[in-house]
Amino acid sequence: MDNSQYILPNDTGISCLDCREAFQLLSKSERLYAHYLSRASWYGGLIVLLQTSPESPAIYVLLIRLFQAQGPKELKKLATSLGLTEDEQQALLIYAAGVFANMGNYKSFGDTKFIPNLPKEKLKTLVWHSKAFQQHPEVMESLWKNCGELMYSLLPRQKQLGVGEKGISTYFSENCTVEDAEFTQKFLDSKNISAYNTRLFKTEASDEPCCFEVRLASADKIDSDMDADMLEKLKCFEFNGTHFEVTRGDYAPLMRKVVENLEKARAYTTNDHEDQMLKFYIKSFCSGSIEAHKEGSRYWIRDKGPIVESYIGFIESYRDPYGSRGEFEGFVAIVNKAMSAKFAQLVTSAEELLKELPWPRAFEKDAFLKPDFTSLDVLTFAGSGIPVGINIPNYDDIRQMEGFKNVSLGNVLTVAHSTEKEKLTFLLEEDKDLYIKWKSPAFEVQVGLHELLGHGSGKLFLQDEKGILNFDKSKVINPETGEQIQSWYKGSETWDSKFSTIASTYEECRAECVGLYLCLNKEVLRIFGHDGAEAEDVIYVNWLNMVRAGVLGLEFYTMETKQWRQAHMQARFVILRVLLEAGEGLVSVQHTVGKDGKPDVLITLDRSKILSVGKPAVESFLRRLQVFKSTADVEGGRAMYEYYSAVTDDEPYQFLALRETVLLRKEARKMFVQANTCVTGNDPPQLLEYESSAAGLIQSFVDRFPEDAEEIEQHLLELQQSTAHFWSFTALHSQG
């Protein structure tokens, strides 16, 4: 079996996120605020291990203990004496770095499992001869027994995240199905309970009907100081003949650490908005109330232009196979004033630019709520991965009526999109120099438009629980049919709950299309400093980058299950399909043979046809995306989106053959090394930086919890064990 898809190559790129200059400019109080927010984020980020796979917490603890006892250099000497080759030693470092960077043993971008690229017996021998084993033999042997087999196992269901037979997900017990997730969502909607901070556990007995436990994340387990609304939700319910119990206290020890550090951060807030924001976050994380987190998010939106920006909680639902549950995420970043000035200009122009989007005025929000849009240098980003831009909060009601914030993560963008000519795949030689020169500036424009006017645009037609509509039914005409709209969101239905499994990728596709469409506007390009021939090059490279991304996206399609594993890459493949179907020679994807004699592909984009052929194609598709979304037309939206998402080997495109070429020539996604902050006495917090290598990334995690590492490791193992009976995978090692 070819396992190359499931290993991290030894030459995987690893880069530091540089924020030294921005951090040094902070006052002592601002540094303390950033420090405690970072601590809260890192403690919460450990929750992702428990959200990823049954074995991830034990793998994390095993590796941390291994490198705590012996640093990478000392462990390398031991490995050499035990007969491990240089490649095998590097493979171990890369694997450990991958587990820490992804917060688990599944790729954050693509959701496939990765395993160590060295023989299992060699790794076991190294563990048994390590200082960590000498110091605590019973502990290390227990950890290996807990995760050693699973670390290497590539049974079909374990190769990717998913629900039911299509993969694994610790958002659900092993026996849950997509139908269970859908049924539970109806129950949650009926009780006005958000799924964002929940997991679902199903108990089955031969002589009894099944029972579901909906477990809310919270620091508190018992009923303490809680409002009546939360008390009403923490009960046993009968719903359509099925027993549901809503409990709280999931991840409690880690949630308490988050709360403790948010309390410390409150002493260094600079205004009432920040203080109230943290107050309600603390209430949410103590009680499990999403309503409290929404209230904190409202204060966060009102906190305009802070020097230290942050957001924390159960945020993005990309990795929930059903699309409703959020992964824990916390970030702390420092404003880059020069780049933020460009984004401020874009915000000023937003109302005029929104008028250019290809849907009727009735399909746009009644008023554009001007958001904060800043460029930030990341100090801390705790979670499974780091994006280049964010539009939050994800709560539909707040985004529609009260606003949102956009952030572009400048130091991430700079590092993530640096390109070497020799590693550029699938482009014509004459395009490569232009691509390298303008990719980063073009992506900067795309991110700005994607976040602000992509995620920030479009109205949802709603009918509240009292029957009141937020639109005039007699006046809203569907531009696709010429008739009055026939559907809308009702009661507690949301975009995520309604469109569920396709919500994330569909929305990313809509935002990407907005970016492609509006980057053709010369005023937008002038805001970012591009004019004349330079502006034309930026447009061309932006569109070319999207076409290439659509081809590269095929890496994230699983042929056996016919499932996409990454929302953004599915979205880009869909856009590639739209542009290919536009015809007239706009885009071509040609199968060829490379200089090495292996299959290759050449992508061409006719820049003279972007306006005449490309723009109308994107315009039509974008309008349909918005109409289906606005009107809650799940059936129509799903049919269209799944059509463009289909990967077949039909002529003329032969996407399955193209996928094989993409896999053959894929390049590993970069990993980031992040700094730590430390406080000594009454001195201002200092930045601890690390080298750009697997060893540096590992050391940053070894140093991350200096005062309570052992306590944290114990919490992780206890939390893993508390739900182990829900996943039979934990007993795999006894099955041979």
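Every number here is computed from the coordinates shown, using simple stated rules; none is lab data. Predicted model only: the values in this text are computed from it and were never measured. Note that we place each Cβ from the backbone using ideal geometry, even for glycine, and neighbour counts take in every protein chain shown.
For this structure, a couple of remarks:
- Residues in the range 100-130 reached by a label modelled at LYS670 [backbone nitrogen below 18 Å; 7 Å Cα→Cβ]: 101-102, 108-110
- In terms of its alpha-carbon gyration tensor, the range 1-78 comes out prolate; a/c meets the 1.5 threshold, and the first ratio a/b outweighs b/c.
- Note on LYS73: lysines with a C-alpha under 24 Å away, same-chain residues under 8 apart excluded, are LYS120, LYS122, LYS124, LYS131, LYS670.
- Max-minus-min Cα coordinates of the range 336-665 on each principal axis give 67, 47, 42 Å, with the largest extent listed first.
- You can think of it this way: the chain between ASN3 and THR125 has 41.7 nm of extra reach, that is 0.36 nm per residue less the Cα-Cα gap.
- Rounded if a/c under 1.5, otherwise prolate or oblate - the range 478-616, Cα gyration tensor axes: oblate
- Modelled FRET efficiency - R0 41 Å, LEU155 with GLU534, Cβ distances, 0.05 increments: 0.20
- Extension gain for the segment ASP472 to THR592, taken as residue separation times 0.36 nm less the Cα-Cα distance, is 37.7 nm to one decimal.
- Surrounding net charge for GLU327, when Lys and Arg each add one and Asp and Glu each subtract one, Cβ distance under 10 Å: -1
- Cα point-scatterer Debye curve for the range 178-252, base-10 log of I(q)/I(0) at q = 0.21 Å⁻¹: -0.96
- Where labels lie 7 Å past Cα in the beta-carbon direction, separation of PHE183 and HIS136 in nm: 4.2 nm
- Cross-link pairs beyond the 24 Å C-alpha cut-off, checked among LYS522/LYS609; LYS294/LYS466; LYS107/LYS437: LYS107/LYS437
- Label-to-label distance, ASP229 versus ASP11, with points set 7 angstrom from Cα along the beta-carbon direction: 5.5 nm.
- Shape analysis of the range 18-140 based on the Cα gyration tensor places the equivalent ellipsoid semi-axes at 31, 18, 15 Å, largest first.
- Rounded Å value of the spacing that divides the Cα centres of the range 35-95 and the range 670-720: 12 Å
- Rounded FRET efficiency, nearest 0.05, which uses the C-beta distance separating GLU651 from GLU429 and R0 of 22 Å: 0.20
- Phi-derived couplings, Karplus 6.51 cos²θ - 1.76 cosθ + 1.60 at θ = phi - 60°, listed residue by residue for the range 443-452: 5, 4, 5, 4, 4, x, 5, 4, 6, 6 Hz, with x used for Gly and Pro.
- If the chain linking GLN686 and CYS211 were pulled fully straight, counting 0.36 nm for each residue of separation and taking away their Cα-Cα distance, it would gain 165.9 nm.
- Virtual spin-label span in nm between GLU718 and LYS355, 7 Å along Cα→Cβ: 6.1 nm
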